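First up is the structure itself, then whatever we jot down about it.
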Amino acid sequence: MSRAPGDLTPTAGQTVGPFFHYALPYPGDSELVPPGRADAVRLHGVVRDGAGDPVPDALLEIWQADPSGAIAQEPGSLRRDGFTFTGWGRAATDATGHYSFSTVTPGATGPGQAPFVAVTVFARGLLNRLFTRAYLPGDLDGDTLLASVAEDRRHTLVAVADEQGYRFDIRLQGEGETVFLRHPRH
Amino acid sequence: MVTQAEMDGEIAAIGAAYESAVSAGGAEETQPRLDYPPYRSSLLRHPTKDLHHADPEGVELWAPAFGHRDVGTLEADLTIQHGGEPIGERTVVTGRVLDGDGRPVRRQLVEIWQANAGGRYIHKRDQHPAAIDPNFTGVGRCLTDDDGTYRFTTIKPGPYPWKNHRNAWRPAHIHFSMFGTEFTQRMVTQMYFPGDPLFALDPIYQSIVDPRARERLVATYDHDITQHEWATGYRWDIVLTGAHRTLMEPEEEHA
Ligand SMILES: [Fe+2]
């Protein structure tokens, strides 16, 4: 028997592999809001490996609050209507390791909480998904998680403002390695 | 390129070191190692620093919602996406998605993708010279029901070769993607079929160094799911990692 009755040990993850491109990406996946809308911002970056080379077969997912800090519970991420903000999106990296989302700037979800975009990373060669956070640039002094991270690594969790929005690069390994997260009960 | 025998030696050495660590009181590892050198593509793609402890906050305590607007009911049948019947063994794969407390994950998205009966993906990077089946794409989606049950009708995938080492073959598998009730429960994995002779040889399967944790990825043949003169049946239940938000809710809300 593959799982004994009553066994509630979490199922193990496995790599997303090299062949997800025809299955997981879909039209509009990375457009939480239509690009070009007045409040649309770009969240983009490059995923790199331990040698500093771009990773052309990674997949990122983001999940975030709307600008007021509200957390959407609306369906429609897979068939976007252009008007409903679902808070969730998916983007594969291209041949240069680059990913890009069209979204809005998230607001704080509670008093004293710095706004961030929750990010999941999948890739060929990555045996289990990784979680991280992309904080918005600004005053982050009061944030509990950032305060718990060594100062020289804190910047890996903070997006950089650019002309269209925010840049958030991900380094899977090596110099400037992104801080990836582990949650209790996992 | 190393031979399968050399690969077997690498896998066995890591497995033996794990077994002796566990018998010396070390922790059971229920997830794959991120740093698992026998899977060559992982060498430069695993973090070297420990994962950093984070208490989930804000959006991390919630998951995106999906509904019938997102997923049509026919998307759960991978055998009816084209004009004719696909080649291979028609099979039903079903089971429940539960959270770490045993609660069903209701009305949530499950996505699958897989090779066809000959071990070939509809993917431009798949160079395996096995036939493409014009009647099989190998992509499906469904929503779990109120009991957390998902159900797909598909074709049993074939094993396929890859370039990790000389004569490397993946055991037959279906890729699964699941969401929970919280973002931190997100997972992607692979479901395997019982008794596959390639299990011992496969560094991706063996990257889960604990034998019991590996076996949880193997479906069970279930003759009650098998359908008369139509399809064989397999059962595979999935348990996501523990939830956090529900712990903070009053008991009556999820009684
Ligand atoms: Fe595969």
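The values are calculated or read from the model by the stated rules, or taken from the named source; none is laboratory data. Computed from a prediction, not measured in an experiment: that's the story for all the values here. In this analysis, Cβ positions are derived from the backbone assuming ideal geometry, glycine residues included, and neighbour counts consider all displayed protein chains. Please note that ligands, DNA and RNA were not included when accessible areas were found on the heavy atoms of the full protein model with its side chains. Shrake-Rupley method; radii C 1.70, N 1.55, O 1.52, S 1.80 Å.
Among the residues of region B:1-24, which ones are open to solvent by less than 70 Å² (accessible area, probe 1.4 Å) and part of a loop (DSSP other than H, G, I, E, B)? Selection gives B:2, B:3. Hey, can you tell me all the residues within region A:148-186 that are under 22 Å from residue A:110 (Cβ atoms) and modelled with pLDDT under 95? If the condition is that a residue be under 22 Å from residue A:110 (Cβ atoms) and modelled with pLDDT under 95, then A:183, A:184, A:185 are the ones that fit. Can we say residue A:96 is within 7 Å of chain B (Cβ to nearest Cβ) and touching a Pro at 6+ places or on another chain (Cβ under 9 Å)? No: the conditions fail for residue A:96. Sort out which residues of region B:25-58 are more than 7 Å from every other protein chain (Cβ to nearest Cβ), in a loop (DSSP other than H, G, I, E, B) and open to solvent by 10 Å² or more (accessible area, probe 1.4 Å), and write them in order of number. B:25, B:26, B:27, B:28, B:29, B:35, B:37, B:43, B:50, listed by residue number. Taking each residue of region A:11-32 that is more than 14 Å from residue B:189 (Cα to Cα) and in contact (Cβ under 8 Å) with a residue 40 or more places away in the chain and looking for partners that are in a loop (DSSP other than H, G, I, E, B) and within 12 Å of the ligand (Cβ to nearest atom) with beta-carbon atoms closer than 9 Å, six or more apart or interchain, yields A:21/B:123; A:21/B:125.
Only a single item in (1) in contact with a strand residue (DSSP E or B) (Cβ under 9 Å, 6 or more places away or on another chain); (2) over 18 Å from residue A:180 (Cβ atoms); (3) open to solvent by less than 20 Å² (accessible area, probe 1.4 Å) is not met by residue A:60, and it is number (2). The set of residues in region B:146-166 that are in contact (Cβ under 8 Å) with a residue 60 or more places away in the chain and of a type in the set (S, T, N, Q) comprises B:153, B:154, B:164. Those helices (runs of 4 or more DSSP H) of region B:147-255 in which at least 2 residues are at the interface with chain A (Cβ under 10 Å from one of its Cβ atoms), considering only elements entirely within it, cover B:203-206, B:211-215. Determine whether region B:208-219 contains at least one residue that is modelled with pLDDT of 95 or more, touching a His at 6+ places or on another chain (Cβ under 9 Å) and surrounded by fewer than 22 Cβ atoms within 10 Å (Cβ to Cβ). Looking for residues that are modelled with pLDDT of 95 or more, touching a His at 6+ places or on another chain (Cβ under 9 Å) and surrounded by fewer than 22 Cβ atoms within 10 Å (Cβ to Cβ), one finds none in region B:208-219, hence no.
So which of A:33, A:46 is part of a strand (DSSP E or B) and farther than 30 Å from residue B:99 by Cα?
Result of the check over A:33, A:46: A:46.
Checking the stated criteria, residue A:84 turns out not to satisfy the condition of being of a type in the set (Val, Ile, Thr), more than 16 Å from the ligand (Cβ to nearest atom), over 30 Å from residue B:218 (Cα atoms) and touching a residue at least 60 places away in the same chain (Cβ under 8 Å). Summed over region A:20-36, the residues that are away from the ligand (no atom under 16 Å from the Cβ) and modelled with pLDDT under 95 give a count of 1.
Just to be sure before I move on: is residue A:17 within 16 Å of the ligand (Cβ to nearest atom), surrounded by 15 or more Cβ atoms within 10 Å (Cβ to Cβ) and facing chain B (nearest Cβ under 7 Å) in the structure I sent?
Considered against the rule, which asks whether it is within 16 Å of the ligand (Cβ to nearest atom), surrounded by 15 or more Cβ atoms within 10 Å (Cβ to Cβ) and facing chain B (nearest Cβ under 7 Å), residue A:17 comes out as yes.
Among the residues of region B:59-67, is any open to solvent by 30 Å² or more (accessible area, probe 1.4 Å) and under 28 Å from residue B:221 (Cβ atoms)? No, that holds for no residue. Quick check on residue B:137: is it out of contact with any Ser or Thr (no Cβ under 6 Å at 6 or more places or on another chain), open to solvent by less than 30 Å² (accessible area, probe 1.4 Å), more than 13 Å from the ligand (Cβ to nearest atom) and among the polar types (S, T, N, Q)? For residue B:137, the condition - out of contact with any Ser or Thr (no Cβ under 6 Å at 6 or more places or on another chain), open to solvent by less than 30 Å² (accessible area, probe 1.4 Å), more than 13 Å from the ligand (Cβ to nearest atom) and among the polar types (S, T, N, Q) - is not met.
Going by what's in this entry, would residue B:157 be described as touching a helix residue (DSSP H, G or I) at 6+ places or on another chain (Cβ under 8 Å) and within 12 Å of the ligand (Cβ to nearest atom)? Considered against the rule, which asks whether it is touching a helix residue (DSSP H, G or I) at 6+ places or on another chain (Cβ under 8 Å) and within 12 Å of the ligand (Cβ to nearest atom), residue B:157 comes out as no. Residues in region A:3-14 that are surrounded by 22 or more Cβ atoms within 10 Å (Cβ to Cβ) and either farther than 29 Å from residue B:205 by Cβ or away from the ligand (no atom under 16 Å from the Cβ) (or both): A:3, A:11. One residue stands out in region B:105-121 among those that are open to solvent by 30 Å² or more (accessible area, probe 1.4 Å) and more than 16 Å from the ligand (Cβ to nearest atom): the one that is farthest from residue B:137 (Cα to Cα), namely B:106. Taking first residues from region B:74-103 that are within 14 Å of another protein chain (Cβ to nearest Cβ) and in contact (Cβ under 8 Å) with a residue 12 or more places away in the chain and partners that are open to solvent by less than 60 Å² (accessible area, probe 1.4 Å) and part of a helix (DSSP H, G or I), the Cβ contacts under 8 Å between residues at least 6 apart in sequence or on separate chains come to B:99/B:185; B:99/B:246; B:101/B:246; B:103/B:246; B:103/B:254.
Residue A:52 falls short on exactly one of the conditions (1) assigned to a strand (DSSP E or B); (2) away from the ligand (no atom under 16 Å from the Cβ), and that condition is (1).
Please enumerate the residues belonging to region B:82-97 that are assigned to a loop (DSSP other than H, G, I, E, B), modelled with pLDDT of 95 or more and either of a type in the set (A, V, I, L, M, F, W, C) or open to solvent by 50 Å² or more (accessible area, probe 1.4 Å) (or both).
Here is the first cut: in region B:82-97, the residues assigned to a loop (DSSP other than H, G, I, E, B) are B:82-89.
With modelled with pLDDT of 95 or more added as a condition, the list becomes B:82, B:84-89.
Of everything in region B:82-97, those that are assigned to a loop (DSSP other than H, G, I, E, B), modelled with pLDDT of 95 or more and either of a type in the set (A, V, I, L, M, F, W, C) or open to solvent by 50 Å² or more (accessible area, probe 1.4 Å) (or both) turn out to be B:82, B:85, B:87, B:89.
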